[in-house]
1. Keeping to the stretch B:285-316, report how many residues are touching a Phe, Trp or Tyr at 6+ places or on another chain (Cβ under 8 Å) and within 27 Å of A:ASN382 (Cα to Cα).
2. Taking the condition out of contact with any Leu (no Cβ under 7 Å at 6 or more places or on another chain), surrounded by fewer than 22 Cβ atoms within 10 Å (Cβ to Cβ), at pLDDT below 95 and not β-branched (Val, Ile, Thr), does B:PRO293 pass?
3. Determine if the stretch A:141-151 includes at least one residue that is farther than 30 Å from A:PHE25 by Cα, within 39 Å of the chain's Cα centre (by Cα) and of a type in the set (Ser, Thr, Tyr).
4. Identify all residues within the stretch A:173-190 that are in a loop (DSSP other than H, G, I, E, B) and without any contact (Cβ under 8 Å) to a residue 60 or more places away in the chain; write none if there are none.
Amino acid sequence: MKVSINWLKEYVDFDLGEKPLEELFSEMGFPVEEIIEFGDDQVFDLEITPNRPDCLSHYGIAREMAAFLDLNLKEPEFPLKEENKDAEFDVKIEDQELCPKYVARILEDVEVKDSPEWLKNKLKKMGVQSKNSVVDFSNYILFAFGHPTHVFDMDKLQGGLRIRKGKGEKILCLDEELREVTQDDLIIADLRAPVAIAGIIGGEESSVTFSTRKVLIESAYFNPQSIRKTSKRLGISTEASYRFERGADPEVPERIADVLASLISKYSGAKVLRGRIMKGELKEKREISTSREFIEKSLGANLEQEFFKNKLSKIGCKVEKEGKILRIKPPSWRRDLEIPEDIVEEIARLKGYGVFPSILPSIAQPQGLTTPIRDFRWSLRNLLSSLWYMEAMTYVFVSDEKDKFSGGEGNPLRLMNPLNKKEPLLRRSLILTLLDSVSLNLRMGNKGAALFELGKVYWEENGESREEEKLALIETGILLDKGWSREEPLLASFYSLKGTIEWLYSYFGVSLKFREGLHPLFEDGYALNFGNGWMGLVKRELLDIYRIDEEVFAAEIPIKALLNGKVASFRDFLKFPSVKRDVSLLFSLSTKYSEIERKISSLGIPILHSFFLVDLYRGKGIAHNKKSLTFSFVFRTEEKTLKSEEVEKALEDIVRTLEREFGAIRRRND
Amino acid sequence: MGNELESLKEKIEREAQGIKNQADLLKFKEKFLSRKKGEISLLFKKIPSLDPEMRSSFGMEINRLKKIGEKLLNEAEERIKGEKRSSIISERIPDPTLPGKKKIHGSIHPIARTSYEIEEIFLRMGYDIEEGPDVETEFFNFEALNIPKYHPAREQQDTFYIREDLLLRTHTSPVQIRAMRKRKPPIRVIAPGRVFRRDEPDPTHTPMFYQVEGLVVDKGINFSHLKGTLEIFSKSLFGKLTKVRFRPSYFPFTEPSAEVDISCPICGGKNPNCRICGGTGWIEILGAGMVHPKVLMAGGIDPEIYSGFAFGLGVDRTFLIKSQLLDIRYYYENRVEFLEQFR
């Protein structure tokens, strides 16, 4: 709400500089958004909360200031001289609920002119273009007193006015847009067609122009929800609709019609016909019963007796005391005052929030409990960030095209009103949104990136929305160059990511078993499944959507899969030395490590404590369809020191088996 | 004879000084101390040719010389060992002022860290943590919070809808209702989480951000408790010297409602062009208020017996103030250059 300081001073006397005024508005609950200089005047742009439509005018703000500063509110005079001729027109409200009150006045012999300079100037400060001496006063009234009015060229109105719902008709509005009004919209129509969309915008055809001779003033009260509904549906918000949808003063239309008639008669030489055309009735009987005790208890402070009555009457409340009970009748313009708590706020506001004490509530049973998952997230954050992963947070919106790769459960949840029409779905995989960040990093000239995110995926199942928290890891490119700090560069790789997952699972004491599988996110043959988790080499087709040329490795794990790991049980220290033997074998390139592993384990050799891969070699000295694998075998037993023959025999068994099962050949020159 | 001894002593001392390595050591030992051919041993052979009265003193002199030779040999040996050790070390540590070798490490997102900081303050005040879903019903997000359909307050929070009755929560406030329905007073909870608003991204808006919600419900909770709690919180988060200001405001789910400003931690109101406070000296950080009786009822709590206060603050904004960040879109772009600044 734009407030001209000079205009404000027409209703209340004050002498405050810019800073104190800014402080005052802020204390009243209307923070200043901007101050605009206008020669000898300043316009303050105030943020008025939706509960205070009564402050959407200069008079309204002045009334509030008068209450705060204990000043007198100046009531401007608008003398009205009526002709000796009755105002008559056929006006009917067909929907009393949506239009509880409709007041009209008729003016004849109107000479529509250019507006006087002072008026043009005032409207300019409000950001409104001057039209003519009739329309401008209708706007003036709005900014002065906050009640929207409309003026019709009465000669263009056929037979009468009906306040009714639309019937699918079209109306050319003042902004030159043609709009269709439906059953959901309240309109003003003459006996032939709509002439205005009630409380929102007038029709072009019946608008007041320089040739208008006869004017009908409309000053009404419309149902706020109905105005808001239509305003939203049609996508127009006007100064009028903004006020009506927040709730206008239902008792003021009569007086406002008189004021506007007075102004038009004064500045456009019009004759005001006798009487108002009045339809509908709206008398509210709001009364709030509360007590000083309740208010003081709610605020945690005692206040002076007089303060209540003085201040409340200053804001227009009628206060009666009945024993301990305060019976408060709020003024018609304060539609936000409904319950005792509203009075508590008024008292606090008028007193100033700053004066109340600041104390801590005493706590009977302090707990400070966190959730297991919240603490677990922090373990994950600490663990992964002490490796090379950086925590990312990404938006949750994806395109249909990307979602096809998600491999997520159920169906995607689709937004009715996405920000970007191309991304209407909620992600079913964090990898889909993490790829956006990977892509940005590569485009910005980074040689690589390793990110993780803790976030939710969303889907729909049997009409129900579901969400689940997941951990995603993604890595690509060169993560750290070689140099003084490192002899070898740190490169993103399939096996590095796999190792991270192995480390995570072992850290949290969760058993882990990888299986080869197929997943839409990953290249066939390069995807591994582990419980509900997946990892792999991200599919080329998907990376192309993100314009990523590099290979990207990614994993996604439901957080709950990592919760509830087991505490490791103690294994006694070795009493007898273990024996380690390395063996290199040539295998066909297509032989899977997991099969070799399984085969060795299946031998069930009692003294074989563990074995692991030491090296994979291809190249010089080895046929191109072969690979050399070097294993370390660790032999030990709890009972005794192993004899060399026992170890050799076990090793022989293993090698024989691998030779038989996989056609492996032992390499002797290692 | 004396001269001969003297010149040999000088020779031994000279050559001992010239010992550079193991080979020199052996050479020295051979030359002077070898029992058969060493120059000192050879002197002993001269004894029988001397006058008998000279023999004893000459013998003692030779022995003395021998001791000197052995001592010099030992010293040279120690010296060479030391030189060898230090040359090995200096090869490994050629210059202690060279830079350390960087450890590989990643980073934790500043939003997560800031949320943690906020949560910890309240945990220590005895608040429990609650969480709620991102995809919320219209009822929990609006209706139960006294924001009926066509209420103008809905306009302040442009909403992503999935269906008419299902949406992405626009604030963490629905967790208030969920917490009240789940717990019995006294209730003290905070609810951190992601929220969504249909705002085009710009330097001060993103369609997703983080909030922390707080709720206290008990007998006799009043406005002064709200003030006391949020004052302590603000000072814990922004420093003891922080001033806190409460201003009237409006939220449909609280009555009375307040907005909380803190004195600018960057310029203290002294810089008229301060990027953070715009020169006003105050920054809004919290929305708060006494829980509206209708909201208590929606949570299944009798407003005749209980009262409460609630508050909400933006995590993104809190960190923006602390770090003087220029553009909040950076949070969700996850550029390495950004993330590595806040490890």
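1. 3
2. no
3. No, the conditions are met nowhere in the stretch A:141-151.
4. Result: A:LEU174, A:GLU176, A:GLU177, A:THR182, A:GLN183, A:ASP184, A:ASP185, A:ASP190.
Matching residues to (1) surrounded by fewer than 20 Cβ atoms within 10 Å (Cβ to Cβ); (2) assigned by TED's automatic domain parsing to the domain that holds A:ALA492; (3) among the small types (Gly, Ala, Ser):
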| residue | (1), (2), (3) |
| --- | --- |
| A:GLY509 | yes, yes, yes |
| A:LYS513 | yes, yes, no |
| A:GLU516 | yes, yes, no |
| A:PHE522 | no, yes, no |
| A:GLY533 | no, yes, yes |
| A:VAL538 | no, yes, no |
| A:LEU542 | no, yes, no |
| A:ARG547 | yes, yes, no |
| A:PHE553 | no, yes, no |
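Yes/no per residue for (1) in the same structural domain as A:ALA220 (by TED's automatic domain parsing); (2) touching a strand residue (DSSP E or B) at 6+ places or on another chain (Cβ under 6 Å); (3) under 29 Å from A:ARG162 (Cα atoms):
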{"position": "A:TYR267", "(1), (2), (3)": "yes, no, no"}
{"position": "A:GLY275", "(1), (2), (3)": "yes, yes, yes"}
{"position": "A:ASN310", "(1), (2), (3)": "no, no, no"}
{"position": "A:ARG327", "(1), (2), (3)": "no, yes, no"}
{"position": "A:SER332", "(1), (2), (3)": "no, no, yes"}
{"position": "A:ARG335", "(1), (2), (3)": "no, no, yes"}
{"position": "A:GLU338", "(1), (2), (3)": "no, no, no"}
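Listed here are the residues, each with its yes/no results for (1) farther than 25 Å from A:ARG427 by Cα; (2) modelled with pLDDT of 95 or more.
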| residue | (1), (2) |
| --- | --- |
| B:ILE147 | yes, no |
| B:HIS151 | yes, no |
| B:GLN156 | yes, no |
| B:THR170 | no, yes |
| B:VAL175 | no, yes |
| B:MET208 | no, yes |
| B:LEU215 | yes, yes |
| B:LYS227 | yes, yes |
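Okay, residues lined up against (1) among the charged types (D, E, K, R); (2) part of a strand (DSSP E or B); (3) in contact with a Ser or Thr (Cβ under 9 Å, 6 or more places away or on another chain); (4) buried (at least 21 other Cβ atoms within 10 Å of the Cβ):
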| position | (1), (2), (3), (4) |
| --- | --- |
| A:VAL128 | no, no, no, no |
| A:ASN132 | no, no, yes, no |
| A:PRO148 | no, no, yes, yes |
| A:PHE152 | no, yes, yes, yes |
| A:ASP155 | yes, no, yes, no |
| A:GLN158 | no, no, no, no |
| A:ARG162 | yes, yes, no, no |
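The values are calculated or read from the model by the stated rules, or taken from the named source; none is laboratory data. Computed from a predicted model, the values in this text were never measured in an experiment. Please note: Cβ atoms are built from the backbone with ideal geometry, for glycine as well, and neighbour counts cover all protein chains shown.
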